[in-house]
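The structure appears right after this line, and notes come after that.
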Amino acid sequence: KAKDKIMMGAERRSMVMTEAQKESTAYHEAGHAIAGRYLKHTDPVHYITIIPRGGAGGFTLFRPDEDKSYTSKNEMLDNIVMALGGRVAEELFLEDISTGASGDIRHSTDIARNMVMVYGMSERLGPISYDSSGQSIFIGRDFGTTKSYSEKVAGTIDDEVKKLIDKAYDHCKSILKRDEEKFRKVVDFLMEKETMTGQQFADCMEGKEIKEDDSKTILFDSFT
């Protein structure tokens, strides 16, 4: 709970959410979780919640099994797909989209742009860095940087970033369409309980009985 408060802010249980807002958040977070579940290079789901924290209406926490010193191209591609899961879920199952995905879109775009500009992962542009962030000549973000590439290259960068995002979006759609029944079970659980542990999520996706969370008991026992 302490880590969650530091990372995402305090729970805002006093915030009044309509049933429609709760449902939209549940579909959104289930989209992240299920997309990540079927991707090879994403971390396992630690838990999902639709309780507002900080500036977020809910969130899905993925926790790595081991420390990593670098990130591979396939991991970055899968992270883009997972980040778009909320937006795709809204479009597929609610037939509408919301502003709730703005941070996810920004995050996935940043990953794609870094892949192309910083890490040389674009086949068209090759292993060349087009990152101008270290070439600041004035104090100031908007006018203090210079481009080290032509407008033609800038256009190619935009094309490559869009291609990565479009491919990830289509991939995410294909994943979320696989098993609508399990998807809706996750949503129903979140609507009723508000929070779902990683084990409960795994049990749901494997067709097992979802047990009550005993983490509080385990935590208490560990201190007594």
Practice prompt. Examine region 75-82 for a residue that is farther than 15 Å from residue 107 by Cα and either open to solvent by less than 30 Å² (accessible area, probe 1.4 Å) or among the acidic types (Asp, Glu) (or both), and state whether such a residue exists.
Written response: no
Discussion item. Between 70, 47, which is of a type in the set (Ser, Thr, Tyr) and part of a loop (DSSP other than H, G, I, E, B)?
Written reply: 70
Worksheet item: Could we say that residue 64 is farther than 28 Å from residue 155 by Cβ and surrounded by fewer than 20 Cβ atoms within 10 Å (Cβ to Cβ) here?
Response: yes
Item to complete: Starting from region 169-196, keep only residues that are under 19 Å from residue 40 (Cβ atoms), then list their pairs with residues that are hydroxyl-bearing (Ser, Thr, Tyr) and open to solvent by 80 Å² or more (accessible area, probe 1.4 Å) whose Cβ atoms are within a distance under 6 Å, requiring at least 6 positions of separation or different chains.
Response: 175/38
Practice prompt. Could you give me the residue pairs with C-beta distances under 7 Å whose first residue belongs to region 88-100 and is farther than 20 Å from residue 168 by Cβ, whose second residue is acidic (Asp, Glu) and open to solvent by less than 50 Å² (accessible area, probe 1.4 Å) wherever it lies, and which are 6+ apart or on separate chains?
Written response: 96/90
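The values are calculated or read from the model by the stated rules, or taken from the named source; none is laboratory data. Computed from a prediction, not measured in an experiment: that's the story for all the values here. So basically every Cβ, Gly included, is an ideal-geometry build from the backbone, and we count neighbours across all protein chains shown. Just the protein is used for accessible areas: all its heavy atoms, side chains included, with ligands, DNA and RNA removed. Shrake-Rupley method; radii C 1.70, N 1.55, O 1.52, S 1.80 Å.
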